[in-house]
Amino acid sequence: MVTMRDISTLPNLLAEIKTAEQLAALEIEYLGRNGHINALARTLQKLSPEERKEKGAQLNALKQDVLELFERKKDEIQNEQQSHLTDFDTSLPGIKQKSGHLHPTSLVVREIYEYFTYLGYSVYEGPEIETEEYNFAKLNLPPDHPARELQDTLYILEPEYLLRTHTSSVEIRCLTQEKLPVKIITPGKCYRNENTNASNNAIFYQLEGLFIDKGVHMGHLKATLDGFARFLYGENTITRFRCKYYPQVEPGMGMDIQCQLCQGVGCAVCKYRGWLEVVGAGMVHPNMLSACGIDGEEWSGFAFGFGLDRLVMMRYGITDIRSLYNGELVWK
Amino acid sequence: MENDRIKDMKIPLHWLKEYVDIDVSVNELTDKLTSIGHMQDKKPEQVENDTVIDLEVRQNRPDCLSVLGVAREVAAVTGKLVTAPSAQYPSTALRTGAVQSTNGKDKLHIENAAPDLCRRFIAYRIKLPQRNSGLSTPQWMVDRLTAYGIKVISPLVDITNYVTIELGEPLHAFDMRFIEDGEVVFRRAHEGEKLTILGGRVLTLTNDDLVVASKSNALSLAGMIGGADSGVGPDTTEIVLEAATYNQASIRRSSIRHSVRTEASSRHEKFLHPQLAEVALGRAAQLVLDICNGKIVAEADSYPKPESTPKILLRISELARLGGVSISANDASGYLKSLGFSILNAELSALQVSIPYWRTDILCEADLVEEVVRMYGYERTPVVIPAFAPPKNITSYWFTLEEEIRDIMLAHSFDEHITEPLTKSDGDTRQVVLQNALNSQKDALRLTLQEGLRHALSHQKKFGREEVRLFELGKVYEKADHPKSPYTERRQLGFILHNAHAPTQEVYLRAKGVVDSLCTKLGYTLTDNLYQISVLDKNSVYVALEIERYWSPETPRVKADKRLYTSIPHLHTFDISLYLPKAHQPGVVIQTVKDGWKEVENIDYELFQPKDANMVGLLLKCTVSGATHKHVLIEAIAETLKKTYSAIIR
């Protein structure tokens, strides 16, 4: 019969072991069905219940010690083997794993989307080939409104079919199709009739937002846009709200952020204003609501919008707007 | 809500101070103007003895294209009173709009043959005591015009320019010698009629242009620019001084048609109230009398449909409902009065407001809300975090799907591109062509995403990229037969796979594998009509996927998150090697096995050439999952391939 003393020789035995096979054999000798530990356990059966309880606890502790010794030795052997596995130049560079990149405009849309979905906005889409009605008439831009000229519209079949000049048309699609209340943002391509240069392009991206409910007012608009500015441009961004004209809103509003390059002192980037115009906004014009069959006495809401391209260019150090959409962007 | 190009207005401060006291610094002044809607455009400019501020003027505020108009805004925002220039003219008869002609000898008669294009025309016939060249413009006027940036020419011309800038109503003076019998005619131009304008350009007019004419010929393009021959010159001793109100849309169209933009056209293309015409004419006449010692000998006014000024009710509750700010009726009334509005009736809950003639932008109650709130100060109104219950999520199905596709394409190491949908028309009858594109290289909408991506590919190759993977999610556009929607647009996924070192077959099959993987990840069944692979050259292929056609919201889809997760099945592999008569394609054979035995999870394969040239060698390396009797399965597959394809199992 094995005694506690025999167990105490185990560390010495283990020290001599070199391979996993030797270790396995020794493990069976101690912990196998007919091993030393079970042999000891069998001796307990002959003892009185009190003694058995006391010795049993001792035996369990002993078994734990033995198990631990074997585990430790196993790790030791494994580590030794692994040191052979890395017997090559590990300083060589890793093998490059490729993955794709998003277009910077998609990246910015995702960034903005993050803020507005958190606030419960949906992303709404509409056609790029629009009708005069959805691009102009329903937006409080009746025929001969001065703003129509300024849109530099690209026509497919004048005056009825055109390429949308803003994503405001998507707001109209939403207001005529969906049940109120609505809270949407509308990112998308827009078009204007312009010869291309480094800062203007015939195609551009715009993102507009719309929130119509009962009791929405300018205070909510200010909070939404101020939060947006600080989300996008950093929490210390200073915003300014001022009166501004857009045909589809009344009252109209513009939000500026203090120029972060000159801290509001005035520099070439902000045209010496100290501020940069970032968002155009306002309360949705009662004419636009009624054009969509909405009772402006019951519902109210705000709309806001801005071009994405300048923002994208600022974010990603792109200096020529043409390179955004001509397929010549290459990632460093 | 894109920023439109806005006309800017230069305001020389000395000029401005004639109408309003200014006791704030230039910076404070421009800040205040910016906050109420007139943003400073460029830095204030120092000119000789004066400072000129430059404001972006809102499209709907033609009154602010005048120094007096800006003075009214300044007065309101700084709490001062505005002093308008005084004039004893026009006479009472003109004020009522009743006069058509006077004075037998010195006749002035207006014939308005195009009342739809000219709402009002009002004029004086004025005699000068001497030739124009003998008169001189007073220094104060010279200084102001110079500061504004208008060249000083002669007193008569300078006065019309001065009043245009001062009051925002363009005026014109004709030399009486060109107006036969005192007859002034307003008419549409004859088609093809020629007019030489100031500066010498010859315009060919259309029937949509309005001209001011004598009995025999056109004298000016109405509201825009004078003729080169009919204006005042050094020898002028008698003039017709006129002001008019036109159809602004017609002016705008003429201005675009003939590429003529003047101080006059940029004002007349906005809605100027007919009352302004008489105020401005009176002011100009007064100046001609004062400066040139002129004498009015006749007057005329054609004003067929007198325009009234609107009255609008402002409910005080609207200030809170739209503006989010509580302002009392008393305060609101104060703000409106400071801007020149008159309050016809004031109650605690509402104000009946009369709109001054120069505020042609005020058309509804919301406009008045803006007036009150901008004077209260946009900066001062409360900021309120919206606490509404979130509305239903109506996010576009396509936006969500495209976002999913983007992520999968990125994981397959494709870079996203966005290329321009505008392209050159190529005669394809399906193509949507633009009517008025400035750029002939971009006068149609694309039928495919291929062109843009190919350009991107060639750009990357040019810069030494040997392996290129690009994709774009975008729309293609086509003419449609449907009468309700003659044009369609639909989303496609296009991608390009290029590897300078891989044979065509490998590039092709990799591309096909991407489509397969995309379908699997998205949970759609791969169908043949979904995609089209085009070989671009020996190392590149282009793939177009008709996602909008075949992946609509109704398309059956087993989304990854709906799949059941099971404990990991054991995988077994086995090979079947066979010779296949050349008449049969190995791909079809593989598909037969895949379709026939669902437990076969994957089949890798190798092709080899046996001695028999009429056969193809095919080694199938099958992976099956779960407990299965391998040899039974192999036997069954072999039997089928023998029967169906006359394969010889090795």
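The values are calculated or read from the model by the stated rules, or taken from the named source; none is laboratory data. Computed from a predicted structure; not experimentally measured. Cβ: placed from backbone, ideal geometry, glycine included. Neighbour counts: every protein chain shown.
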Legend entry - Residue list for the range A:181-192, restricted to those being under 27 Å from residue A:217 (Cβ atoms) and at the interface with chain B (Cβ under 8 Å from one of its Cβ atoms): A:181, A:182, A:183, A:184
Inset, instruction - State which residue is farthest from the other protein chains (Cβ to nearest Cβ) when the search covers only the range A:229-270 and only residues that are of a type in the set (Asp, Glu) and touching a strand residue (DSSP E or B) at 6+ places or on another chain (Cβ under 9 Å). - result: A:256
Legend entry - Wholly within the range B:170-223, strands (runs of 3 or more DSSP E) carrying at least 1 residues that are among the hydroxyl-bearing types (Ser, Thr, Tyr) and within 31 Å of the chain's Cα centre (by Cα): B:202-204
Inset, instruction - Consider only pairs whose beta carbons are under 6 Å apart and that are at least six residues apart or on different chains; among these, list those whose first residue lies in the range A:246-271 and is part of a loop (DSSP other than H, G, I, E, B) and whose second residue is at pLDDT 85 or above and polar (S, T, N, Q). - result: A:247/A:140; A:248/A:140; A:248/A:168; A:264/A:258
Inset, instruction - Check off (1) within 14 Å of another protein chain (Cβ to nearest Cβ); (2) within 21 Å of residue B:173 (Cβ to Cβ); (3) surrounded by fewer than 16 Cβ atoms within 10 Å (Cβ to Cβ) for residue B:267 and give me the number that stays unchecked. - result: (3)
Inset, instruction - Return the residue satisfying two criteria in turn: it lies in the range A:290-307 and is within 11 Å of chain B (Cβ to nearest Cβ) and over 19 Å from residue B:317 (Cα atoms), and of such residues it is surrounded by the fewest Cβ atoms within 10 Å (Cβ to Cβ). - result: A:290
Legend entry - residue A:274 vs. criteria within 12 Å of chain B (Cβ to nearest Cβ) and crowded, with 22+ Cβ neighbours inside 10 Å: no
Inset, instruction - Using the structure shown, decide if residue B:390 is modelled with pLDDT of 95 or more, in contact with a Lys or Arg (Cβ under 9 Å, 6 or more places away or on another chain), under 30 Å from residue B:324 (Cα atoms) and surrounded by fewer than 16 Cβ atoms within 10 Å (Cβ to Cβ). - result: no
Inset, instruction - Collect the residues in the range B:205-243 that are of a type in the set (Ser, Thr, Tyr) and surrounded by 13 or more Cβ atoms within 10 Å (Cβ to Cβ), keeping them in residue-number order. - result: B:206, B:214, B:220, B:230, B:236, B:237
Legend entry - Scope the range B:408-443; condition more than 18 Å from residue A:189 (Cα to Cα), facing another protein chain (nearest Cβ under 10 Å) and more than 20 Å from the chain's Cα centre (by Cα); matching residues: B:408, B:409, B:410, B:411, B:412, B:413, B:414, B:415, B:441
Inset, instruction - Output the number of residues of the range A:139-165 satisfying the condition of being outside any strand (DSSP E or B), surrounded by 16 or more Cβ atoms within 10 Å (Cβ to Cβ) and either at pLDDT below 95 or hydroxyl-bearing (Ser, Thr, Tyr) (or both). - result: 14
Inset, instruction - Filter the range A:18-50 for residues that are in contact (Cβ under 8 Å) with a residue 24 or more places away in the chain and polar (S, T, N, Q) and give the result. - result: A:19, A:43
Inset, instruction - Would you check which residues across the range A:205-220 are under 24 Å from the mean Cα position of the chain (by Cα), crowded, with 23+ Cβ neighbours inside 10 Å and within 8 Å of chain B (Cβ to nearest Cβ) and list them? - result: A:208, A:211
Inset, instruction - Within the range B:54-85, work out how many residues are in a helix (DSSP H, G or I) and not polar (S, T, N, Q). - result: 14
Legend entry - residue B:460 more than 7 Å from every other protein chain (Cβ to nearest Cβ) and either aromatic (Phe, Trp, Tyr) or buried (at least 16 other Cβ atoms within 10 Å of the Cβ) (or both): no
Inset, instruction - Could you please let me know if residue B:412 is in the same structural domain as residue B:551 (by TED's automatic domain parsing), without any contact (Cβ under 8 Å) to a residue 24 or more places away in the chain and within 26 Å of residue B:542 (Cα to Cα)? - result: no
Inset, instruction - Name every residue in the range B:606-618 that is surrounded by 15 or more Cβ atoms within 10 Å (Cβ to Cβ) and more than 16 Å from residue B:583 (Cβ to Cβ), in order of residue number. - result: none
Inset, instruction - With the condition kept exactly as written, say whether any residue in the range B:394-405 is part of a loop (DSSP other than H, G, I, E, B), facing chain A (nearest Cβ under 7 Å) and among the hydrophobic types (A, V, I, L, M, F, W, C). - result: yes
Inset, instruction - Considering each residue of the range B:346-365, count those that are in contact with a strand residue (DSSP E or B) (Cβ under 7 Å, 6 or more places away or on another chain) and charged (D, E, K, R), and give that number. - result: 1
Legend entry - Filter result for residue B:446 (under 25 Å from residue A:309 (Cβ atoms) and more than 9 Å from every other protein chain (Cβ to nearest Cβ)): yes
Inset, instruction - Could you list, in sequence order, all residues of the range B:621-650 that are outside any loop (DSSP other than H, G, I, E, B) and in contact (Cβ under 8 Å) with a residue 60 or more places away in the chain? - result: B:634, B:637, B:638, B:641, B:645, B:648, B:649
Inset, instruction - Only one of these is surrounded by fewer than 18 Cβ atoms within 10 Å (Cβ to Cβ) and touching a Leu at 6+ places or on another chain (Cβ under 6 Å): B:51, B:78. Name it. - result: B:51
